Amino acid sequence: MAAREAFELVKDDLAVVEREISAESAASVETITTINQYLQAGGGKRLRPALLLLCTRLFGPSTDCARQLAAVVEMIHTATLVHDDVIDIAKTRRGRPSSNMVWGNHVSVLAGDWLYMQAFQLALRERNFHILDVLISLTQMMVEGELLQLERLHRIDVSEADYMELIDRKTAGLFSACASLGATAAGADEAAESNLRDFAWNLGMAFQLVDDILDFTSTEKILGKPAGNDLREGKVTLPMIYALADASEDERRAVETVMSDGSYERVPLMHIVQMLDRHRAVERAYERARSFTDKSGAILGTFPESAAQRALVSILELVTERSS
């Protein structure tokens, strides 16, 4: 099954989710409503809500609870992007000016806070402590991840273990929560929910790894943001960690120059990409990503074959083969 067909399976559910997000994004303060409409119109893959919905479908038909929780996770994800853009002083998001560029940092932070709280208010309607426990743990973990990233900015000595700890908190935790909530919405047992959590955690790790690879290898037009942005912002990701392990002093100085300048004016991005090629850094990072998707695939194989199960397998393939 192609990844496009996987999304087709939950197309009607995702349409309901979009309407739910739109309805729940209206605030009594007009500015917040305007920002939320701008963010929703910015699109995105809707991978996280689709993941949640497909996990529910593993056990039977979709449910109102699953659709509502799918809206919740997308709202939380959007709130994190708003806050990330403020912290990173980002100028673009998905090919358009980021909200902080349009409305400023102060307003954007408050809009992100409002989205977080509205997502929790929506989740609260389920009157389910387990759902709230998953979401509260997730939010705390993501905040910890953001703080860890700030502590490690502009540092050339970031280890692979440091990096894995960071993407566990910033990305994989949200994927894992989506699967957990999808299982909960279906009334699945604890063992099945645990297996799905592990499947989605490995998927999330792979997703972020590929995202960080594409930051060096894709183009601004495809990414919707400047290529090479991570290093420009002082973030050392896995491809760079692999390259730096074997780098010469000149190569290390070049990397430090980009980070200290916050630009590729003195050291062009192409020089950095050539350095990654010399050390097989991108290839090695892809191998690491595939090790995570292999684990995800093995876990999925324990579930009975169904349209939803095949759709989740196709999403695994999408993660490692995507170009944006």
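What follows draws every value from the coordinates through simple rules; no lab data is involved. Since the model is a prediction, treat every value here as computed from it, not as a measurement. Neighbour counts are summed over all protein chains in view; Cβ atoms, including those assigned to glycine, are modelled from backbone coordinates with ideal geometry.
Counting only helical runs of four or more DSSP H residues, what would the 222 nm mean residue ellipticity of the chain come to if each run contributes -39,500 (n - 2.57) and the total is spread over all its residues?
-24000 deg cm²/dmol
In percent, how large is the relative contact order of segment 8-142, given Cα pairs closer than 8 Å and 6 or more residues apart? Please list the in-between numbers first.
Details: 122 pairs, mean separation 32.4, N = 135.
Computed value for segment 8-142: 24 percent relative contact order.
In whole Hz, what ³J(HN,Hα) sequence does segment 49-63 give by Karplus (6.51, -1.76, 1.60; θ = phi - 60°), x for Gly and Pro?
Whole-Hz 3J(HN,Hα) from phi for segment 49-63: x, 4, 4, 4, 5, 5, 5, 5, 5, 4, 10, x, x, 5, 10.
Given H placed 1.01 Å from N in the peptide plane, which residues other than close sequence neighbours of THR92 have an amide H under 5 Å from its amide H?
SER98
What's the exposure ranking of ILE87, ILE76, ILE241, going from fewest to most Cβ atoms within 10 Å?
Sorted ascending by nearby Cβ count, the order is ILE87, ILE241, ILE76.
Take the Cα coordinates of segment 1-124, assign each an equal point scatterer, and use the Debye formula without solvent to give log10 I(q)/I(0) at q = 0.11, 0.15, 0.20 Å⁻¹.
One equal scatterer on each Cα of segment 1-124 leads to -0.38, -0.68, -1.07.
After finding the eigenvalues of the alpha carbon gyration tensor for segment 176-324, what semi-axes result from the square roots of 5 times each, listed largest first in whole Å?
Here the semi-axes work out to 36, 14, 13 Å.
Hey, what angle do you get for helix 30-41 against the long axis of the chain, alpha-carbon based, 0 to 90 degrees rounded to 10?
80
Report ³J(HN,Hα) in whole Hz for each residue of segment 272-282, in order, from the Karplus equation J = 6.51 cos²θ - 1.76 cosθ + 1.60 where θ = phi - 60°; Gly and Pro get x.
Karplus-based 3J(HN,Hα) across segment 272-282 equals 5, 5, 5, 4, 4, 5, 4, 9, 6, 5, 5 Hz.
Please state the shape class of segment 76-230: rounded when a/c is under 1.5, otherwise prolate if a/b exceeds b/c and oblate if not, all from the C-alpha gyration tensor.
Cα axes put segment 76-230 in the oblate bin.
Could you give the angle, 0 to 90 degrees to the nearest 10, between helix 64-88's Cα long axis and the longest principal axis of the Cα atoms of the chain?
20
Please compute the Kirkwood hydrodynamic radius over segment 75-124, one decimal place, Å, based on all pairs of different Cα atoms.
One decimal place: 10.8 Å for the Kirkwood radius.
Of SER159, SER99, how do they rank once you tally other Cβ atoms within 10 Å and put the fewest first?
Going from sparsest to densest Cβ surroundings: SER159, SER99.
Suppose we keep just the alpha-carbon trace of segment 193-247; what are its Rg and Dmax in angstrom?
13.9, 43
Please list, in order along segment 163-175, the HN-Hα scalar couplings obtained from phi with the Karplus expression 6.51 cos²θ - 1.76 cosθ + 1.60 (θ = phi - 60°), rounded to whole Hz, x for Gly and Pro.
Residue by residue, segment 163-175 yields 5, 5, 4, 5, 6, 4, 6, 7, 10, 5, x, 5, 4 Hz.
Name the most mobile residue of LEU174, LEU51, LEU244, meaning the one with the largest mean-square fluctuation, in a Gaussian network model of the chain with Cα contacts below 10 Å.
Maximum fluctuation in the GNM of the chain, among the listed residues, is at LEU244.
Could you work out the mean projected area of the convex hull around the alpha carbons of the chain, in square nanometres to one decimal?
Working: hull surface 62.3 nm².
With every direction weighted equally, the projected area is 15.6 nm².
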